[in-house]
Structure formats: C-alpha cells, structure tokens
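A.B. asks: Sharing a structure below in structure tokens format, with a few things to ask.
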Amino acid sequence: MRVISLATLGLLSVLIASAAAHAADLRISVANLAPDTGHLMLAVYASGDSFDARDGAVEEIRKRVDGDTATLEVSGLGDGRYAIAAFQDITGDRELTTNLLGMPQEPWGFSRDAAGSMGPPAFEDAAFVIEGEAVEMAIRLNRP
Amino acid sequence: MNRREFLQLVGLGGSGLLLPGSVTHVLASDRATPDWYIGFENPRAEELQARTLDLDGHLPKGLEGTFYRNGPARHELGDQRYSHWFDGDGMVHAYHFGDGRIRHHARFVGTPKYLEETCAGVFRRPAFATVFPDTEPAASPDAINTANTSILPFADRLFALWEGGSAWELDPYTLATSERVTWGDGLAGAPFSAHPAVDTDGTLWNFGVVPQDGALMLYEIAPSGSLRRAEVVSLDASPMVHDFAITRRHLVLLMPPFRLDPERVERGTSFLDSHRWHGDDPMRVLVIDKSDWSRRRWFDLPAGMHFHVGNAWEDGHGVIRFDYTRYDNADFVTQTARGLMRGEHVAGPGGRTTLVRLDVRNGRIDQEIMPEEVEFPRVDPRRTGERYRQLYTTVRTDSAAHPLANGLLRRDIDRGETERYDFGENVIAEEHIFVPVARGERSGWLIGTALDLDRRVSLISVFRADALADGPVVQAHLPYPVPLGFHGNWSGA
C-alpha cells in the first residue's frame, strides 16, 4: 500500500506540476490607445470559429483607459493556441463602433499585430501558442 | 461588428511580401533617363513659391481667382522609388491670378501617411501599385490615402481628393492641411471619389467604390456643404471606377471589366495588382435616378476601360448622351503608367473620345469612337449635366517626343469639328480647364499647365476657349519644373 501511496503521490506531484504549467500567465501590453478615455475591451479566443464570430471568448476583459498604454494579465489558460481581439470603447456602448461600411471607428487591434489584407486577420495570423511558459503579447492598436 | 462587415470595408489593406515587378529601387541618378523623366521626379522642395511669374502676354481683364491643381509628387523617399505614376503623395498647387500677375504656391497634403513617412524617412505603407518588402499593413483606406488626384473648391472650402478614401480639407489661402472630411454620421473613412460633379443648382454629387465585396457609396451634398443623403448600393463586383457623370435626372456610372479579384487580394499584392482585366465582359453602364437611388438600370457597352467621363445630358424623351475617354483595355494603368516611372515609354492603346447615345426607354445603346488620342476631358462647368457641344481635351500627336499629350483639342460634338493647339514636340500638355467669362459655352478661358522639356520648367497658359489655334493669350513659365499632375479646378476671386 505504501508503495502505491508513494506512486500516487508521485503521480499527484506530476499532475500538480503539469497543472501549474497548464495555467500559465498571459501578460498583454496594449499601446496606442486614445489617452485617458473610455475602456479597453479585450477578448481571448481559443479557436478560429470563435475568433471569426467574435463570440465564445475564453476570457473577456474591460478596463478603464488611463494614459495611452495598458497592461493586463490573464491567468489560468491551458496549453493551446489563442488569439486576441481588442478595441477601445470610447463611446461607452461596449461595441466596436463602425461606419456605414463596417470600418472600425474606434482604435482596434489583434495579437501579433495581425492585419488582414482587406479585412480582419484570420485566426492563424493572430494566433500564438501557450505551452507551459508565461507568454508576453504586445498589441499596438490601429487608429481609425 | 461581424467579420463580413469588417471584410467588406476595411479597405485597401495589403502589405508584406514583395510583388515581382512592383518594386524598383532604381533612382533617377542611377541610369540614363529621357528628358521627360523630370515629370516623374520629386519637386525640388517640400513647398514651392514663385511670387511673380514672368508673363508672355497680358492677363485678361477680369480673370481673377485661383487655379488649383493636384497630383502625385513625392515619388521617392530615401532610396525607395515608387513603381507607378499614381502612387505618390499629393501636392496641391495654387496659381493665384490677380493684379495682372500670376503667383505660384505649392505644398504637400499633410495626410497621416505623408506625415508619418516623412518622420520615418521611408515609405512604410502600401501604395496604389507599389508594396515594398517591409511595408506595414494598412489599417484602413485612409491610412494609405495620398490625397493626390484632384482639388475642389466648394462651399468656400477646399478639398484634396483621392479615389478610395476621405477628402482632406485644406486652407484655401495657405494650403495648410486641416482635417479629414466626414460628411455625416457613420461616414468617417468611407470612399469619396476624386471626381464629384457640381450640379447647375450647386448640389454636389459623388460616389465611391467600396472594394472587395463590391459596393458603391453615393453622396448628395447641398451647396452649403451639408450632407443631404448618403447610401451604400450593393454591386456584384468591385470594378475600378474613377469618374462618373450626371444628367438632370440621373447619375451615370461606367464600370469597366477591370475588377478586384478576391483571389488576388492577399498580403503583398498591391491594390492595382489585385485587379484583373476581363476582356470578354462588357463595360457596364449603371443609370441611377437622382431622386430615388433604388431606381437603377443597367446597360452594356463593349469591353473597354476608362478613367474620365467628360459630361452627360438627357433630352425630354429619355435619351442620355455622354462622352468618355475610352481605352481598349487596362494596359495604361497596369503597364504604361509603370513604365513612365522607369523612364520607359511602354506604348499601349491610347484614350479616345467616345460619344454614347443611350435610349433608356428601349435599352438601345450605341457609341462612336473618335480617332484622336486624348485625355482629361473638360466642359464648361455651367453645362455639367446639361446639353453641351464643346469638349476640351489634351491630345497627343505623332510628333510628340515623349509618351504623353503635346496639344489641346476642342471638339464640337454636334458638328464634329475640331480645333487644336500644338505646344510642340518637347512640351507635355496637362489638363486644361474651362473658366467661364460670359454667357455662351464658347465664351471662356481654357487654363492649364504644361511641362517644357527644353527649358526644364513648367508652364501655365491661358487660351481663349473659342480660339485655341491662336495660341495662348498669356503664358508664364515657372522657375522650376513641377511633377506631372492630374486635375484642377478654378475658384473665382
């Protein structure tokens, strides 16, 4: 029994170590915000479908903008591929304001500063991998 | 915002990889270039001033005001040179006429692109036809807006215009750049073409092609400058449309079979190179009721390319007549305008004045193609959308010792008669515009610029519109050459 206990403990410790690795931190810095106005709206997606739909984010953050940069931390993300979409909600409606043609009218950006050639980037272009280690992601917002 | 909406209009983006043939790093000094290459070099300074031009002849009495022009002018920055005539940042020129003198002043339009790249000392955003290897993605059409195509005095304001994004407001006196123009709620950044039409009642009409999925913006703006209406009209394709025309009752748009190909739209492919010529398809003519934009009718002309429509009008029986400058294909924009930037004359089909008669009752449409090689059609602005007889264009003859126009042509489209002026083989004639004097469609001045390759200076000339062959009544030369430009307009004193 003792051996089994030890084995169990060993397994547990592996699990614990693994769990720690699977709950890495994601540190996000956002630049080029319109200074001291509105809120930064940021969402982390774990799949192309949810990213394209801008629905079903694994993490959503709303943070008052102070200065023209912001830093955020997300913890508890498991290993995998993620992509971030962000915008600055200046109008206070919690939506990205667009013009008649769907073009953003508030600052916006994506992880890896991804940009599509005629529209938003694909998940693949914005995606980054979390694999145990903490990840730092800098996003520079586009201005309309 | 959903993805499709965003896709529809985040516009002309594109960047990243090198497109073969779209990039040159060759500077003028690196190679032997023809004399006409000075028309495609940067101006000698960021701001140009010539207080009193030497006049050959006398300024007509009463001709007081400002002739504004615009055109691509920053073709090079650092060791980069754009590959296409249409790429460069816009420089606006003001030729002030008054007190018997002409004064010249020119400044670049301070778009975000111009300002950022000036600071960086490098072209870093995509251009119409050039994408450098390390170009940044374009966040929006206005991020790459060069405001380089036309200049419009309207409602006591001055607007520098481009094709795919916003107008930019300038100070009419100092030419200092003010704000990007937003005509109304929800319209910031929407495309506003460089060829709006000012109606006889002062209303300004315009369109803008929305790339990718294909849509058209339409605008109706009151003489005061306030927006009356703006709407999005869906299209089933995204053609390159540079100009349009109005009649009393209709907007007339010609859509050449030169269309954005979604498969070509990828990183590193320029906006121009994302277009494909479909020579088996017709040139489509879209006629839209001015008072009800949902009333739209389509007609077909044979395949052809155009940049400019001179004018249009309709009679009481529903017959619309218009003229456009027709090309057999898109080679001018895809090849010739690139060759110019290399100092090469890539000969291709030239523009031909084409007169169209469209009977909207039975859909009959016919066109007649004139023989001369022309461009830059203009009419008496008081005849915009109204019956007109006189059409003024530049013309190129076999004697031209360069790839562009060397003369002016007046065509009486009723009688078929023409009158011309030849500047000589070593002068490049640019657009000349009609400035009315008194009543009557031939009573006015034709004012425009040219580039004298022998003296290596730009010229400005004033002709009597009804006596082109007599030569200019007054001509002035600038103390420098200015880059060859596109369009201009007059603002009376």
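A.B. asks: Hey, got the average number of other protein chain Cβ atoms within 10 angstrom for residues in A:102-110?
C.D. replies: 6
A.B. asks: Extent of the protein assembly as shown along each principal axis, from alpha carbon coordinates, in Å, largest to smallest?
C.D. replies: On the principal axes, the protein assembly as shown reaches 115, 58, 43 Å in Cα extent.
A.B. asks: Hey, what number do you get for the protein assembly as shown at 222 nm if only DSSP H runs of n ≥ 4 count, each worth -39500 (n - 2.57), divided across all residues, to the nearest 500?
C.D. replies: -2500 deg cm²/dmol
A.B. asks: Given the peptides B:156-164, B:476-484, arrange them by the average over their residues of other C-beta atoms within 10 Å, most packed first.
C.D. replies: Going by the mean number of other Cβ atoms within 10 Å, highest first, we get B:156-164, B:476-484.
A.B. asks: Note down, for chain B, the three equivalent ellipsoid semi-axes (square root of 5 times each alpha carbon gyration tensor eigenvalue), biggest first, whole angstrom.
C.D. replies: Equivalent-ellipsoid dimensions as semi-axes: 30, 29, 22 Å.
A.B. asks: What ranking do A:LEU72, B:LEU216 get, fewest neighbouring Cβ atoms within 10 angstrom at the top?
C.D. replies: Fewest to most other Cβ atoms nearby, the residues stand as A:LEU72, B:LEU216.
A.B. asks: In whole Hz, what ³J(HN,Hα) sequence does segment B:389-404 give by Karplus (6.51, -1.76, 1.60; θ = phi - 60°), x for Gly and Pro?
C.D. replies: Once θ is set to phi - 60°, the couplings for segment B:389-404 become 10, 9, 10, 10, 9, 7, 9, 10, 10, 4, 7, 4, 8, 7, x, 10 Hz.
A.B. asks: Which GluC sites (Glu not before Pro) from segment A:37-85 combine a DSSP loop assignment with at most 11 other Cβ atoms within 10 Å?
C.D. replies: Taking segment A:37-85 and a limit of 11 other Cβ atoms within 10 Å, no loop GluC sites (Glu not before Pro) are found.
A.B. asks: A further question follows. Are there any GluC sites (Glu not before Pro) in segment A:82-144 that are in a DSSP loop and have at most 16 other Cβ atoms within 10 Å? List them by number.
C.D. replies: The qualifying sites are A:GLU95, A:GLU131, A:GLU133.
A.B. asks: Here's another thing I want to ask about it. Which ³J(HN,Hα) values, rounded to whole Hz and listed in residue order, are derived for segment B:316-331 from phi using the Karplus coefficients 6.51, -1.76 and 1.60 in 6.51 cos²θ - 1.76 cosθ + 1.60 with θ = phi - 60°, glycine and proline given as x?
C.D. replies: Result, ordered by residue: x, 9, x, 9, 9, 10, 8, 10, 9, 9, 9, 10, 5, 7, 9, 4 Hz.
A.B. asks: Follow-up question, since we're still on this one. Name the residues whose placed amide hydrogens come within less than 5 Å of the amide hydrogen of B:VAL285, ignoring near sequence neighbours (fewer than 5 apart) on the same chain.
C.D. replies: Amide H neighbours of B:VAL285, under 5 Å, 5+ apart: B:MET255, B:PHE299, B:ASP300, B:LEU301.
A.B. asks: How large is the convex hull of the C-alpha atoms of segment B:212-341 per residue, in Å³?
C.D. replies: 146
A.B. asks: So what are the ³J(HN,Hα) numbers for segment B:247-260, from phi and the Karplus equation (6.51, -1.76, 1.60; θ = phi - 60°), rounded to whole Hz, Gly and Pro as x?
C.D. replies: Karplus-based 3J(HN,Hα) across segment B:247-260 equals 10, 4, 10, 9, 9, 10, 10, 9, 10, x, x, 10, 10, 5 Hz.
A.B. asks: If you count, for each residue, the other Cβ atoms within 10 Å and average over each peptide, how do B:45-52, B:228-235 line up from highest to lowest?
C.D. replies: Those peptides, ordered most packed to least, come out B:228-235, B:45-52.
A.B. asks: So, one more: Bin width 10 Å, origin at 0, all Cα-Cα pairs of segment A:46-144: what percent of pairs per bin?
C.D. replies: Each 10 Å bin holds this share of Cα pairs: 14, 48, 33, 5, 0.
A.B. asks: For A:52-60, what's the mean count of beta carbons from other chains sitting within 10 Å of each residue's beta carbon?
C.D. replies: 1
A.B. asks: Next question. Between A:VAL129 and A:THR69, what's the calculated FRET efficiency when r is the beta-carbon distance and R0 is 30 Å? Round to 0.05.
C.D. replies: The pair A:VAL129/A:THR69 has a calculated efficiency of 0.75.
Only the coordinates and a few stated rules stand behind these numbers; no lab work does. Note that the structure is predicted; figures quoted are calculated from it, not measured. No Cβ is skipped: glycine too gets one built from the backbone with ideal geometry, and neighbour counts run over all protein chains shown.
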